[in-house]
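S.K.: Dropping a structure here in structure tokens format, bear with me for questions.
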Amino acid sequence: MARALIVIDVQNDFCPGGALAVPGGDEVVAACNRWMDEADHVVLTQDWHPSGHASFASTHDQAPFSTTMLSYGEQVLWPDHCVQGSEGAALHDRLDTDRASLVIRKGFRPAIDSYSAFRENDRRTTTGLGAWLRGVGVDEVLLCGLATDYCVQYSALDAVAAGFRTAVIDEAVRGIDPDGVARAWQALADAGVERLGGSAGG
Ligand code: VGL
Ligand code: ZN
């Protein structure tokens, strides 16, 4: 069986200077690249929203970081970010994209956000990633990237729920909100997701 490294949303808009910058977001790039050596398959994800996306505060004339009810429930409203084809949506230019066998885009349906790389926020629409991983014989998933409290957390919870042995690499993730990050690590531990310390090769 095989191990996949899933590199979540290492995109310009989540790095310093970006539209939805995660503090220290660019610090994960080197660690993500190093951990690629430990995996049989590298998957990159890309948050990929059309303009006017339902997760954008501007779409609802609301303040960023407020919430609204969408058809599937409560949704945090974000500054416009990762608009399809924009420089902000591009992967960080020091990320080693040559190693990836799959780049999966998510959040492209106008009315549905997708934090998880596996399942959109309606919790029904799948991205196909779980089936792809099984198809290539993956039984173990390592996650790194951005952001710990949103897309990394949701992806890891869906991975472990789908039956993959799942770990999040501590040194290779950064989060948006410190309280949210603490809650995320607790939720991950409760779900049986391993927290990997140390560094690649160690
Ligand atoms: C993300 C908020 C909105 C993430 C994506 O990558 O964690 N967070 N879109
Ligand atoms: Zn997004």
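S.K.: Specify whether the C-alpha gyration tensor of region 83-122 places it in the rounded, prolate or oblate class, a ≥ b ≥ c being the square roots of the eigenvalues: rounded for a/c under 1.5, otherwise prolate if a/b is larger than b/c and oblate if not.
M.R.: Oblate, because a/c is 1.5 or more while a/b does not exceed b/c.
S.K.: Ok, one more. To the nearest 500 deg cm²/dmol, what mean residue ellipticity at 222 nm is calculated for the chain from DSSP H runs of n ≥ 4 alone, each contributing -39,500 (n - 2.57), summed and divided by the residues?
M.R.: -5500 deg cm²/dmol
S.K.: Turning to a different aspect of this structure: To the nearest 0.05, how large is the calculated FRET efficiency for residue 131 and residue 37 if R₀ is 25 Å and r is the Cβ-Cβ distance?
M.R.: Working: r = 26 Å, r/R0 = 1.04.
About 0.45, to the nearest 0.05.
S.K.: Order these peptides, 30-41, 129-140, 8-19, 161-172, by their mean beta-carbon neighbour count within 10 angstrom, highest first.
M.R.: On the way: 30-41: 18.0, 129-140: 16.2, 8-19: 22.8, 161-172: 19.7.
In decreasing order of mean packing, 30-41, 129-140, 8-19, 161-172 become 8-19, 161-172, 30-41, 129-140.
S.K.: Taking the full set of protein chains and a 1.4 angstrom probe, give the accessible area of residue 150 in square angstrom, rounded to the nearest 10.
M.R.: Approximately 60 Å² of residue 150 is accessible to the 1.4 Å probe.
S.K.: Could you give the alpha-carbon Rg of region 71-202 over 2.2 N^0.38 Å, rounded to two decimals?
M.R.: In units of the 2.2 N^0.38 Å rule of thumb, it is 1.06.
S.K.: Compare 142, 91, 70 in a GNM of the chain, Cα atoms joined below 10 Å, and give the one with the largest fluctuation.
M.R.: 70
S.K.: Order 123, 94, 174 by their accessible area, 1.4 angstrom probe, all chains in place, largest first.
M.R.: 94, 123, 174
S.K.: Here is a further query. Using a simple spin-label model with points 7 Å from Cα along the Cα→Cβ vector, what separation in nm is obtained for residue 87 and residue 65?
M.R.: Output for this residue pair reads 2.5 nm.
S.K.: Please state the charge dipole magnitude for the chain, taken about the Cα centre, from unit charges on C-beta atoms (+1 on K and R, -1 on D and E), reported in debye and rounded to the nearest 20.
M.R.: 520 debye
S.K.: While we're looking at this one, here's another question. Over the Cα atoms of region 1-155, Rg to Rh with Kirkwood Rh, two decimal places?
M.R.: Rounded to two decimals, Rg over Rh is 0.96.
S.K.: Give me the accessible area of residue 42, 1.4 Å probe, in Å² rounded to the nearest 10.
M.R.: The accessible area of residue 42 comes to roughly 10 Å².
S.K.: Moving to a separate point now. If one takes the longest principal axis of the Cα atoms in the chain, at what angle in degrees, from 0 to 90 and to the nearest 10, does the Cα axis of helix 178-191 lie?
M.R.: The two axes meet at around 50 degrees.
S.K.: Taking the Cα centre of region 51-202 as the origin and placing charges on Cβ (Lys, Arg +1; Asp, Glu -1), which of 58, 82, 118 is farthest toward the positive end of the dipole?
M.R.: Ranked along the dipole, the leading option is 118.
The values are calculated or read from the model by the stated rules, or taken from the named source; none is laboratory data. If you're wondering where the values come from, they're calculated on a predicted model, not measured in any experiment. Don't worry about glycine lacking a Cβ; one is built from the backbone with ideal geometry, like all the others, and counts go over all protein chains shown. For the accessible areas, the whole protein counts, side chains as well, though only heavy atoms, and no ligand, DNA or RNA atoms are used. Shrake-Rupley method; radii C 1.70, N 1.55, O 1.52, S 1.80 Å.
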